[in-house]
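Q: Starting off with a structure, shown below.
The values are calculated or read from the model by the stated rules, or taken from the named source; none is laboratory data. What you see is a predicted model, and the numbers here were worked out from it, not measured in a lab. Here the Cβ positions follow ideal geometry from the backbone for every residue, glycine too, while neighbour counts run over all protein chains shown.
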């Protein structure tokens with residue numbers, strides 16, 4: 001069970017990247033905790049491509065006034081894989097800010113589950129929290145579930161959550177096909193575009209640049 005504990009002191013800047021390329025038969029249950037003090041900034045990135053069953057609980061707690069966090073994840077399951085995410089954005093101080101963007105895709109008979117909670121505590125006035133989870137189902141046998149939640153104990157805050165689960169947009173596919181692009185290539189381009197928003201937010205390091213190719217390989221049913 002991998003455990004990650006991030007502690008951002010006052011005004012600290014922390015960036016953490018986790019990439020899961022587990023073997024096909026591997027089960028993993030992970031836990032991430034990040035605690036931010038006054039005026040700190042935490043950027044937490046997750047990419048999940050491997051494993052048979054991979055579950056991560058990722059918690060952020062903003063304890064100091066003005067603390068910020070950003071959580072971004074990309075996950076793609078095929079065959080009989082399952083990816084399971086549980087997140088918490090816990091605002092325990094005023095004027096704190098958190099944002100979360102998780103995007104996933106499932107194909108074949110794969111499954112994904114996302115459950116997220118934004119908690120604004122009574123003393124966390126003037127805080128802002130945003131949570132977005134979007135999922136693509138690429139096969140009739142694939143299944144994705146998204147459950148966002150809010151728990152707000154005070155006034156004068158800004159919060160929002162959004163989630164979607166659905167197939168590739170027919171209009172996008174038709175547009176590409178009408179320009180002579182083969183159906184399977186059109187779907188691949190749409191999915192890569194879907195993940196583009198996440199990939200563009202990732203740190204500019206060499207192994208991140210190769211992620212588009214790894215996602216393309218999974219789309220084509222190749223070796224993960």
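Q: I'd like to verify a number: residues in the range 36-86 that are under 27 Å from residue 140 (Cβ atoms), in contact with a strand residue (DSSP E or B) (Cβ under 8 Å, 6 or more places away or on another chain) and in a loop (DSSP other than H, G, I, E, B), how many?
A: 6
Q: Give just the number: which of (1) part of a loop (DSSP other than H, G, I, E, B); (2) in contact with a strand residue (DSSP E or B) (Cβ under 7 Å, 6 or more places away or on another chain); (3) under 28 Å from residue 167 (Cβ atoms) does residue 93 not satisfy?
A: All conditions pass for residue 93, except number (3).
Here is a yes/no grid of residues against (1) over 16 Å from the mean Cα position of the chain (by Cα); (2) modelled with pLDDT under 95; (3) at positive phi:
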residue	(1), (2), (3)
11	yes, no, yes
14	yes, no, no
20	no, yes, no
32	no, no, no
42	no, no, no
49	no, yes, no
53	yes, no, no
63	yes, no, no
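One line per residue, one yes/no per condition, for (1) touching a residue at least 12 places away in the same chain (Cβ under 8 Å); (2) over 16 Å from the mean Cα position of the chain (by Cα); (3) buried (at least 17 other Cβ atoms within 10 Å of the Cβ); (4) farther than 25 Å from residue 133 by Cβ:
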| position | (1), (2), (3), (4) |
| --- | --- |
| 167 | yes, yes, no, no |
| 171 | no, yes, no, no |
| 177 | no, yes, no, yes |
| 181 | no, yes, no, yes |
| 184 | no, yes, no, yes |
| 188 | yes, yes, yes, no |
| 198 | yes, no, yes, no |
| 208 | yes, no, no, no |
| 216 | yes, yes, no, no |
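Q: Still on this structure: Given the conditions (1) closer than 20 Å to residue 52 by Cα; (2) touching a strand residue (DSSP E or B) at 6+ places or on another chain (Cβ under 7 Å); (3) buried (at least 16 other Cβ atoms within 10 Å of the Cβ), report the number of the one that residue 107 does not fulfil.
A: Checking residue 107 against (1) closer than 20 Å to residue 52 by Cα; (2) touching a strand residue (DSSP E or B) at 6+ places or on another chain (Cβ under 7 Å); (3) buried (at least 16 other Cβ atoms within 10 Å of the Cβ), the one that fails is (2).
Table: residues versus (1) in contact with a strand residue (DSSP E or B) (Cβ under 8 Å, 6 or more places away or on another chain); (2) free of Cβ contacts under 8 Å to residues at least 24 places away in the same chain; (3) within 20 Å of residue 49 (Cα to Cα); (4) outside any loop (DSSP other than H, G, I, E, B).
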{"site": "88", "(1), (2), (3), (4)": "yes, no, no, yes"}
{"site": "114", "(1), (2), (3), (4)": "yes, no, yes, yes"}
{"site": "125", "(1), (2), (3), (4)": "no, no, no, no"}
{"site": "136", "(1), (2), (3), (4)": "yes, no, yes, yes"}
{"site": "155", "(1), (2), (3), (4)": "no, no, no, no"}
{"site": "159", "(1), (2), (3), (4)": "yes, no, no, yes"}
